[in-house]
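All remarks here apply to the structure that follows.
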Amino acid sequence: MLKFHPGVYAVGKNYQIIITTKTESFVSVKIENNLYVDDSNGILKSSSGTHTIEVPQEVLNSSGHYTVIEKKIIKRLPYFSRTEDDIYFEYDFKPVTEDNPKCYHIADAHNEKIKTVNAALAYGKPDFLILNGDIPEDSGQISNFYTIFEIVSNITEGNIPTVFTRGNHDLRGNCAEKIVDYTPNMNGNSYYSFRLGNIWGLCLDCGEDKPDDNEEYGHTVACHQFRVKETEYIKHIIENRANEYDETGVRHKIIVVHSPFTHEFEKPFDIEKDIFTEWCRLLKEFIKPEIMICGHTHKLGIYEPGCDYDTYGQPCTVVVASETEKKKHFTGTGFEFGNDEIKITFTNNRGDIVDSISMKI
């Protein structure tokens with residue numbers, strides 16, 4: 001049986017369907033007459049209990065339905081492995097449409113599941129979900145990753161897409177190097193573009209929030225080199241703009257990133273001035289996004305270019321879209337992308353609409 005409903009994550013022009021099982025099983029996904037499997041060079045995977053199966057967006061969008069097939073393992077042997085009969089789980093799927101798409105944003109859950117889901121339910125059913133870093137408290141154990149799966153399961157029920165980014169706390173703990181096996185990625189990288197309806201987005205990853213040699217990390221991170229590589233990826237996106245943000249049908253361009261890197265924080269958080277200034281320049285000069293959606297600070301805010309918060313040259317409006325206070329309450333944010341404006345709605349776990357603002361674009 002499945003632990004949770006699948007998560008259908010937008011990565012590039014594909015979906016990565018992530019499925020968790022309660023026992024060792026082989027898992028596949030069937031869409032119409034197409035069968036997609038979770039394998040390693042032709043060997044079906046079973047040991048981790050978490051399966052990532054990539055399918056083309058156009059295939060699932062066109063079908064509007066997918067079937068998860070689980071085959072439980074009785075005993076896996078060098079010869080004549082024994083398995084149970086297939087179990088089928090049916091899911092309808094609603095792709096993001098061209099007309100005023102709505103999403104709900106959650107960051108900084110820090111293992112809190114109920115409050116974050118309640119805040120999302122207060123907004124209503126979105127067309128897609130954004131999970132923007134620090135969803136687990138840390139990566140100290142694999143079970144922390146189940147916070148991601150459970151929140152996605154309760155909000156999307158396997159029926160709508162999710163966009164996922166990594167936060168700085170996700171780099172901490174003895175399972176941090178394994179998070180890539182439990183979350184969406186592009187060729188092992190935690191930064192990538194995505195397309196949902198008329199929205200083109202770029203997921204960026206700032207890595208940790210202090211210098212690599214900070215004693216808190218105990219020599220476990222190398223985020224500077226990681227950010228250098230990410231800079232080259234942004235340049236690659238710009239070179240390939242015709243197949244990315246300049247592609248036919250793109251109406252909205254958004255950046256999703258856990259940390260609002262356009263602002264210089266106080267020591268020891270004042271990292272990578274040159275790299276983050278270059279990111280801002282590339283985004284502003286070439287990509288020209290409408291909005292950057294962030295978390296990290298645990299304090300809601302809408303920051304326009306040129307404000308006191310703008311240190312490195314904001315390419316667009318920056319929205320810090322989650323607020324957490326020592327697990328006492330949680331506030332997340334809904335976004336509705338209209339032709340001339342983006343409507344921003346803050347809702348909390350008590351079911352309140354905290355505020356609603358329309359941003360002209």
_Eligible aspartates and glutamates near Lys113 by straight Cα distance, threshold 15 Å, same-chain separation 8 or greater_ = Asp134, Glu137, Asp138, Glu150, Glu157, Glu323, Glu325
_Approximate spin-label separation Glu304-Arg350, in nm, with each point projected 7 Å along Cα-to-Cβ_ = 3.0
*Roughly speaking, what is the centre-to-centre gap between the range 326-361 and the range 1-40 when only Cα atoms are used, to the nearest Å?*
31
*So for the range 57-173, what are the equivalent ellipsoid semi-axes in whole Å, largest first, each being the square root of 5 times an eigenvalue of the Cα gyration tensor?*
29, 23, 12
*Which value in Å does the Kirkwood hydrodynamic radius of the range 7-92 take, with 1/r averaged over all unlike C-alpha pairs and then inverted?*
13.5
*Report, in deg cm²/dmol and to the nearest 500, the calculated mean residue ellipticity at 222 nm for the chain, where each DSSP H run with n ≥ 4 adds -39500 (n - 2.57) and the sum is divided by the residue count.*
-4500 deg cm²/dmol
*Would you work out the charge dipole size for the range 1-158 about its Cα centre, treating the Cβ of every Lys and Arg as +1 and the Cβ of every Asp and Glu as -1, and quote it to the nearest 20 debye?*
420
*asked:* With +1 on the Cβ of every Lys and Arg and -1 on the Cβ of every Asp and Glu, and nothing else charged, how large is the dipole of the range 102-360 about its Cα centre, in debye rounded to the nearest 20?
replied: 720
*In degrees from 0 to 90, rounded to the nearest 10, what is the angle of the helix 273-282 Cα long axis to the longest principal axis of the chain?*
80
*Report the residues of the range 82-98 in range of a label on Asn339: point 7 Å along Cα→C-beta, backbone N strictly under 19 Å from it.*
97-98
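How large is the direction-averaged shadow of the alpha-carbon convex hull of the range 102-360, in nm²?
Value for the range 102-360: 12.9 nm².
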*asked:* Counting other beta carbons within 10 Å of each residue's own, what order do Cys223, Cys103 fall into, fewest first?
replied: Cys223, Cys103
*Folded to 0 to 90 degrees: helix 223-239 orientation relative to the chain principal axis, Cα*: 90
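As a quick test, which of the pairs Lys115/Lys253; Lys45/Lys75; Lys115/Lys328; Lys253/Lys288; Lys3/Lys94 have an alpha carbon distance above 18 angstrom in this structure?
The pairs that break the limit, which is 18 Å between Cα atoms, are Lys115/Lys253; Lys3/Lys94.
Size of the dipole of the range 109-209 about the Cα centre, Lys and Arg at +1 and Asp and Glu at -1 on the beta carbon, nothing else charged, in debye to 20?
Dipole about the Cα centre, nearest 20: 300 debye.
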_R0 of 25 Å, Cβ-Cβ distance Asp213-Phe269: FRET efficiency to nearest 0.05_ = 0.95
*Angle between the chain longest axis and helix 114-123 axis [Cα atoms, degrees, rounded to 10]*: 70
_Estimated FRET transfer efficiency (Gln225, Ile43; beta-carbon r; R0 35 Å; 0.05)_ = 0.65
*Determine the gain in length on full extension of the stretch Thr97-Ser62; use 0.36 nm per residue of separation and subtract their C-alpha separation, reporting nm with one decimal.*
11.4 nm
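Computed from the coordinates by the stated procedures, all read-outs in this text should not be read as laboratory data. Model, not experiment: these values are computed from the prediction. Cβ sites come from the backbone with ideal geometry, for glycine too, and all protein chains shown count toward neighbours.
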